[in-house]
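Heads up: the structure comes next, in structure tokens.
The values are calculated or read from the model by the stated rules, or taken from the named source; none is laboratory data. A quick note: this is a predicted structure, and the numbers were derived from the prediction, not measured. Reconstructed Cβ throughout: ideal geometry from the backbone, glycine too, with neighbour counts over all protein chains shown. Remember, those area values only see protein heavy atoms, side chains included, never the ligands or the DNA or RNA. Shrake-Rupley method; radii C 1.70, N 1.55, O 1.52, S 1.80 Å.
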Amino acid sequence: MLLIMTTEPEQQIGVGAPDAFQRLWTPHRMAYIQGENKPSGPGADDGCPFCSIPAKSDEDGLIVARGEHVYAVLNLYPYNGGHIMIVPFRHVADYTELDDAETAELAVFTKRAMTALRKASGAHGFNIGMNQGQAAGAGIAAHLHQHIVPRWGGDTNFMPVVGHTKVLPQLLADTRKMLADVWPGA
């Protein structure tokens, strides 16, 4: 774990001949890689971030909108700018565990997220989905959450492919406010 962070570029001895590449560091990703904010177990009381987020203010929790059964929150480790997740307040792991009211509101909030993202950022398309279970890639498998990832023509460039880095042009707090301001009403 990196304990000391500097803002100045650091000369690294022994890294080989200069290759004319500039490095874009994304140290916030290390927190995700090392499991920060991951629950210690499957229960709601095992440190589930999706259970603790609603107790925070919208700004501190990056919550875009709240409903009766679900809430919309920015992904702390986004795949793309504006990456929203729709999360039920109730701690359930599997889509089949949602009751009819939760399922309906999750669908409504998905549509509202798409509408808000189109209005706020001009998104051209979306990746929408859930990873059900750890084997399917769910980072937090114990609490269901649906991803809405906005996409734009040409947003896949060399950075993710060659640099294994995603460039996000806006702070999460600014993205949250921008989306909350245009979130469609009930």
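Give me the strands (runs of 3 or more DSSP E) completely within the stretch 1-105, filtered to those with at least 3 residues that are modelled with pLDDT of 80 or more and of a type in the set (Val, Ile, Thr), ordered by residue number. Counting at least 3 such residues, we get 84-88. On the stretch given as the stretch 156-185, residues that are modelled with pLDDT of 60 or more and among the basic types (Lys, Arg) total 2.
Taking ALA135 as the residue in question, decide whether it is over 25 Å from GLY185 (Cβ atoms), open to solvent by 20 Å² or more (accessible area, probe 1.4 Å) and part of a helix (DSSP H, G or I). Write out each step before concluding.
On the way: over 25 Å from GLY185 (Cβ atoms): yes; open to solvent by 20 Å² or more (accessible area, probe 1.4 Å): yes; part of a helix (DSSP H, G or I): yes.
For ALA135, the condition - over 25 Å from GLY185 (Cβ atoms), open to solvent by 20 Å² or more (accessible area, probe 1.4 Å) and part of a helix (DSSP H, G or I) - is met.
Answer yes or no: is there a residue in the stretch 117-128 that is in contact with an Asp or Glu (Cβ under 9 Å, 6 or more places away or on another chain), at pLDDT 90 or above, open to solvent by 60 Å² or more (accessible area, probe 1.4 Å) and part of a loop (DSSP other than H, G, I, E, B). Yes, some residue in the stretch 117-128 is in contact with an Asp or Glu (Cβ under 9 Å, 6 or more places away or on another chain), at pLDDT 90 or above, open to solvent by 60 Å² or more (accessible area, probe 1.4 Å) and part of a loop (DSSP other than H, G, I, E, B). Taking (1) under 17 Å from the mean Cα position of the chain (by Cα); (2) surrounded by fewer than 15 Cβ atoms within 10 Å (Cβ to Cβ) in turn, ALA107 satisfies each apart from (1).
Residues of the stretch 78-104 that are more than 18 Å from PHE126 (Cβ to Cβ) and either touching a Phe, Trp or Tyr at 6+ places or on another chain (Cβ under 6 Å) or crowded, with 22+ Cβ neighbours inside 10 Å (or both): PRO88 alone.
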